[in-house]
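The values are calculated or read from the model by the stated rules, or taken from the named source; none is laboratory data. Keep in mind that what you see is a predicted model, and the values were worked out from it rather than measured. Cβ sites come from the backbone with ideal geometry, for glycine too, and all protein chains shown count toward neighbours.
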Amino acid sequence: MTFISSDKSREFPKVTLAPTHAGYFAALTFFWLFAYFSTFERIIATWFESTTFEHAVLIAPISVWLIYRKRFAFGLARRNRLDACLGLLGLLGAVIAFIIGKLSLINALQQFALMSMPLFFVWGIFGFVTLRHLFFPLFFLILSVPFGEFMIPHLQEVTADLTVMMLKLVGVPVYREGWYLQIPEGLFHVAEACSGIRFLFSTITIGLLIAHLEIRSRIKQAVFLVCLVVIPILANGMRAFIMVYIGHASNMEAAVGFDHLVYGWVFFFFVTALVLAFSRLFYDEKNVPKFSDITTKVVLPKKRFAVALILIALGPVFMGSFYSQQTQALAKVSEDGVALTDIKPLSGWQPIYTGFDEYRFETIQTNGATIILHKIAYLTEKEEKELVTWNNKPYDPEVWSVAGSETQVVDKAQQRFHYRYLELKNGMGKSIHLVYMWKIGDVYTVNPITVKGMQVLNKLSLNDFGGVALYAASEGDVSQESLIEALIKLEQQESE
């Protein structure tokens, strides 16, 4: 089955926008950028600070070019009440999602909601016909949101699996423990930079653009995009294998320092060139819109435009009101600064947290083994100061890898505790057993979605603005039951 766009079947009239209406549109765009400036600022900062999302800098200008390329779509506007209702309801939904993201400090939700607003605006103002022609550029704009770093550990796991498999195929003895690979000549660590996420994201972005511009068959588009997901993952596994094998063949004299990076980049450039060459196998006849000599004037419906403006303004207006009420409620809370007890790492391990208001550390003895307890409290939350975020981690992934993990539930003293158990190991042979959970109000959980949902409800009721992280760890032969009992005992003592 081949999808044939109507763009090729006929010529389209040129479109113009009256100066007054162009002024309205420019004013709305400026207001949107200004009202949501802090979120735009965070998106752009992430582009330049994280090498994973460097490619996203080009997505917005490419989207603008794609919209200009199909500007005839604005002249095809078919405005009806159903489109207006659906589009403006979608815009309202995006604003509500943005507010929830702000309250829960979920950056991804804020940013996806923000970047989806142009899509619903076009639908509500110009109708579905215009949206159908401009859907890809507006969807492509949403891909500029820096999202997906949660995939890094999974990609590290896949890379380690592929590397071990290929080493065994060529007869190189290897022992794997977590993300550490031991061969007779030395030790390799599959670090976050080795996950291949940068290559995967940039390849998918290029592939989507190629599929839109050069491939018209839906089946060919699907096959091509599936290949562009599989190829980078396999290529990254091959790259890691080559680095380890060169280290093996050279007795660790090559591919272990600066040349490790050089070899990796050369390999990725080679694979990218192969992917671009491979894409040409799927190319169809070029599909460039043609314009006639007829000119159509685009008119912005004032009522719909005014409703869209009001909906867009709801986000910053609501958040301004909330922050004002929050400030009044928190004025009753004494500000004694950060309470911090002496923290002693356990064989180099401790949870990584920043921006907390209180950090308590305690050591207890049970059955001849030492258990250390960490209680990390956030009385309030704001940007760069939140309980659940990618910056806050139960361990340093550059030092420790997960050898075992499970989630459990225990009922004690008429309270249910959801906790996670981890067994951590490092390259020095050290092993740590730990359990942890988060406390929001009276709820104990390890589900970040539950944490964020409870925080939103508590913040709206103005009775709780933070949360607590609880950890119990030992390097001895201590069961997870003993660890969680020690943690629960600490909580019960605090509540008495």
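Here are the numbers for this structure:
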{"item": "Search result, residues across the stretch 22-43 that are surrounded by fewer than 16 Cβ atoms within 10 Å (Cβ to Cβ) and either more than 29 Å from residue 320 (Cα to Cα) or among the small types (Gly, Ala, Ser) (or both)", "result": "22, 23, 26, 27, 38"}
{"item": "Members of the stretch 355-408 that are part of a loop (DSSP other than H, G, I, E, B) and farther than 23 Å from residue 449 by Cα", "result": "367, 368, 398, 399"}
{"item": "Condition met for residue 114 (within 22 Å of residue 384 (Cα to Cα) and touching a strand residue (DSSP E or B) at 6+ places or on another chain (Cβ under 9 Å))", "result": "no"}
{"item": "Scope the stretch 144-193; condition assigned to a helix (DSSP H, G or I), over 28 Å from residue 112 (Cβ atoms) and of a type outside the set (Asp, Glu); matching residues", "result": "160, 162, 163, 164, 165, 166, 167, 168, 169"}
{"item": "Filtered residues of the stretch 44-59 (kept if under 26 Å from residue 133 (Cβ atoms) and surrounded by 16 or more Cβ atoms within 10 Å (Cβ to Cβ))", "result": "55, 56, 59"}
{"item": "Qualifying position, being surrounded by 10 or more Cβ atoms within 10 Å (Cβ to Cβ) and either at pLDDT below 70 or over 34 Å from the mean Cα position of the chain (by Cα) (or both), among 332, 297", "result": "297"}
{"item": "Any chance residue 213 is under 26 Å from residue 277 (Cβ atoms) and among the hydrophobic types (A, V, I, L, M, F, W, C)", "result": "yes"}
{"item": "Residue within the stretch 141-157 that is farther than 22 Å from residue 195 by Cβ, crowded, with 16+ Cβ neighbours inside 10 Å and not acidic (Asp, Glu) present", "result": "yes"}
{"item": "From the options 22, 26, 18, 77, residue that is at pLDDT 85 or above and assigned by TED's automatic domain parsing to the domain that holds residue 117", "result": "26"}
{"item": "Filter pass, residue 120 being closer than 27 Å to residue 213 by Cα and either in contact with a strand residue (DSSP E or B) (Cβ under 9 Å, 6 or more places away or on another chain) or surrounded by 20 or more Cβ atoms within 10 Å (Cβ to Cβ) (or both)", "result": "yes"}
{"item": "Residue 79 surrounded by 11 or more Cβ atoms within 10 Å (Cβ to Cβ), assigned to a loop (DSSP other than H, G, I, E, B) and not acidic (Asp, Glu)", "result": "yes"}
{"item": "Within the stretch 409-496, strands (runs of 3 or more DSSP E) holding 3 or more residues that are under 24 Å from the mean Cα position of the chain (by Cα) and touching a residue at least 40 places away in the same chain (Cβ under 8 Å)", "result": "431-440, 467-474"}
{"item": "Residue match in the stretch 395-405 (condition: within 29 Å of residue 158 (Cβ to Cβ), among the small types (Gly, Ala, Ser) and touching an Asp or Glu at 6+ places or on another chain (Cβ under 6 Å))", "result": "yes"}
{"item": "Residue ID - surrounded by the fewest Cβ atoms within 10 Å (Cβ to Cβ), chosen from residues in the stretch 216-264 that are of a type in the set (S, T, N, Q), modelled with pLDDT of 85 or more and over 15 Å from residue 274 (Cα atoms)", "result": "217"}
{"item": "Scan of the stretch 82-133 for residues that are farther than 19 Å from residue 25 by Cα and assigned to a loop (DSSP other than H, G, I, E, B), ordered by number", "result": "105, 106"}
{"item": "Test result for residue 109, surrounded by fewer than 22 Cβ atoms within 10 Å (Cβ to Cβ) and touching a Pro at 6+ places or on another chain (Cβ under 6 Å)", "result": "no"}
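Rundown of residues vs (1) among the acidic types (Asp, Glu); (2) out of contact with any Leu (no Cβ under 7 Å at 6 or more places or on another chain); (3) farther than 24 Å from residue 363 by Cα; (4) at pLDDT 90 or above, yes/no style:
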residue	(1), (2), (3), (4)
399	no, yes, no, no
414	no, yes, yes, no
423	yes, yes, no, yes
427	no, no, yes, no
444	no, yes, no, yes
447	no, yes, yes, yes
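Yes or no, residue by residue, for (1) surrounded by fewer than 21 Cβ atoms within 10 Å (Cβ to Cβ); (2) of a type outside the set (Lys, Arg); (3) not assigned by TED's automatic domain parsing to the domain that holds residue 230:
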{"residue": "168", "(1), (2), (3)": "yes, no, no"}
{"residue": "174", "(1), (2), (3)": "yes, yes, no"}
{"residue": "182", "(1), (2), (3)": "yes, yes, no"}
{"residue": "188", "(1), (2), (3)": "no, yes, no"}
{"residue": "192", "(1), (2), (3)": "yes, yes, no"}
{"residue": "202", "(1), (2), (3)": "yes, yes, no"}
{"residue": "205", "(1), (2), (3)": "yes, yes, no"}
{"residue": "209", "(1), (2), (3)": "yes, yes, no"}
